[in-house]
Structure formats: C-alpha cells, structure tokens
Amino acid sequence: MADGTRDKEDRSNKPDDEAALSARLQSLGDRLASVSRPTENDARFRKADTTGMARGLRLSTELVAGVIVGAMIGWLIDRWLGISPWGMIVFLMLGFAAGVLNVMRVAGVAPDRTK
C-alpha cells in the first residue's frame, strides 16, 4: 500500500523534475557549445603546431641528408682509391658535421654566411 502512495507523489513531482532536468541539460548544452566553438586563437595555435612540425621535419631532414651524402662520398672514394674503411669514416664524420651545421643554421643558432 505504501508503494501506491509513493507512485502518486512521484507522478505529481515528475513534471517539475523533468523541467529542472531539461533546464540543466539545456544549460550544459549551451556551455559545451560555447567551449567547443573554434575561435581565432585556436586557428592560430593549430597553424603554429603545423609550422613547428614542418620545422622539425626540415631539421631532421637536413641532418640525415648531410650524413647520407657524406657516407656516399666516402663510399665512392673508398671504391675509387681502394682505401676501404678510411674514406667512409672520414666523410661520414664530415657529413655529420655538415648536417649539424645546417641544422644550426636553419634553427638560427649559427649565422648563415650565404646571405
């Protein structure tokens, strides 16, 4: 019998609870919509992230290219002169140094003498 009484009370309070819940959900939806809208600052940060990624790829490419070119020149000199490991070792080190110098120039740490 107590269950029947409780059902009548719940039915009478139900529209008020639903109205309060709907208002809260609407308020939450409005807050989420205002937070998730992209602003001018968001676009600027996305562009900065892309620019940073491009710069990182360029720096790594400069270093790897210097090492590979140095190794290739060393290998060719080894083949041509028959001094098997020494050309490769020397030009691999020179390629590494050139790659590091190029990375420093691109990063703005070392002055660029070509300009």
**Fill in**
Filtering the range 64-98 for residues that are farther than 22 Å from Ala110 by Cβ, of a type in the set (A, V, I, L, M) and surrounded by 16 or more Cβ atoms within 10 Å (Cβ to Cβ) leaves a count of 5
**Request:** Residue by residue through the range 71-89, note down the ones that are part of a helix (DSSP H, G or I) and β-branched (Val, Ile, Thr).
**Result:** Ile73, Ile77, Ile89
**Fill in**
Over the range 81-114, the set of residues hydrophobic (A, V, I, L, M, F, W, C) and in contact with a Ser or Thr (Cβ under 9 Å, 6 or more places away or on another chain) is Val103
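Every number in this text was worked out from the coordinates using simple rules, so none of it is lab data. From a predicted model like this one, the values you see are computed outputs, not experimental measurements. All Cβ positions, even for glycine, are placed from backbone atoms using ideal geometry, and neighbour counts span all protein chains on display.
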